[in-house]
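Reading through the structure tokens given below for one structure.
The values are calculated or read from the model by the stated rules, or taken from the named source; none is laboratory data. Because the structure is predicted, anything quoted here is derived from the model rather than measured. A quick note on method: Cβ atoms are made from the backbone with ideal geometry, for glycine too, and the neighbour counts reach across all protein chains shown. Keep in mind that these areas ignore ligands, DNA and RNA; they rest on the heavy atoms of the full protein, side chains included. Shrake-Rupley method; radii C 1.70, N 1.55, O 1.52, S 1.80 Å.
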Amino acid sequence: MQTQEFLNYMNSKKEVTAGTEVHQCMCELSQEAIRLTMELNSQYHTADEIVSLMRQITGSDVDESFRLFPPFYTDCGKNLKIGKNVFFNSGVKIQDQGGVTIGDGCLLGHNVVLATLDHNLDPVHRGNLIPAPIHIGKNVWIGANATVCKGVTIGNGAVIAAGAVVVSDVPENTVYGGVPARLIKTIEEDSAMTKTHDNIGAEGAV
């Protein structure tokens, strides 16, 4: 199975049955991702070299403005789209088989997890995988140790507090936190630049 054919299937949100051609392709892509991320994480690289490696990992263009503090982990990479002026802090983990889109100006804190796959709840078919995409809008800040689950859309300008587990959509210009994540506050446009250090649990994201 060719990579684009695999991506088309994953983007259809159809269940992936264990042992099928689609599942085998997923495993093959994971091996390539492991090889490239080990190269990225095992030694020092300049900012330009990191961008080059991320282009290989994603198989698509990554803007020169992208910045990353290793280590970085993904078990696919080929269904990950990254905008301009995006920053990943160390330990970011992205499971992107179901599709991850990250908008311009996003900041991902230490150990953020983006996970686009669930397993089938039926124990007999537990090895099957159910994909759904994650969409992150522009200028989103995701705090350290937060997890974003499959099928979630985070609106422009939103903030996800440290340690949150996001299982449902987040409106733009809001702060969400907790497990599961809930609305903490709305970000007022005229105060967004002056109240960036409110005690919302998102400090340390970058």
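Is it true that Phe72 is under 12 Å from the mean Cα position of the chain (by Cα) and over 30 Å from Ser12 (Cβ atoms)? When the stated conditions are applied, Phe72 does not pass them. When only residues in the range 18-59 that are open to solvent by 30 Å² or more (accessible area, probe 1.4 Å) and among the small types (Gly, Ala, Ser) count, which is farthest from Gln97 (Cα to Cα)? Ranking the candidates gives Ala47 first.
Look at (1) open to solvent by 100 Å² or more (accessible area, probe 1.4 Å); (2) within 20 Å of the chain's Cα centre (by Cα) and you find that Gln2 fails only one, number (2).
Against the condition on the phi > 0 side of the Ramachandran plot and open to solvent by 10 Å² or more (accessible area, probe 1.4 Å), how does Gly77 come out, does it pass? No: the conditions fail for Gly77. Each residue in the range 101-153 was checked for being farther than 14 Å from Val165 by Cα, open to solvent by 20 Å² or more (accessible area, probe 1.4 Å) and polar (S, T, N, Q), and 3 of them qualify. Inclusion of Asp61 among residues that are without any contact (Cβ under 8 Å) to a residue 24 or more places away in the chain and over 25 Å from Gly157 (Cα atoms) is not warranted.
Every test in (1) more than 17 Å from Glu15 (Cβ to Cβ); (2) in contact (Cβ under 8 Å) with a residue 24 or more places away in the chain; (3) of a type outside the set (D, E, K, R) is passed by Gly155 save one, and that test is (2).
Considering each residue of the range 8-21 in turn, none proves to be in a helix (DSSP H, G or I), touching a helix residue (DSSP H, G or I) at 6+ places or on another chain (Cβ under 7 Å), aliphatic (A, V, I, L, M) and touching a residue at least 24 places away in the same chain (Cβ under 8 Å).
Of the numbered criteria (1) open to solvent by 50 Å² or more (accessible area, probe 1.4 Å); (2) of a type outside the set (A, V, I, L, M, F, W, C); (3) in contact (Cβ under 8 Å) with a residue 24 or more places away in the chain, the one Arg67 fails is (3).
Applying the criterion of being among the basic types (Lys, Arg) and assigned to a loop (DSSP other than H, G, I, E, B) to the residues of the range 67-95, the residue that is farthest from Ile134 (Cα to Cα) is Lys84.
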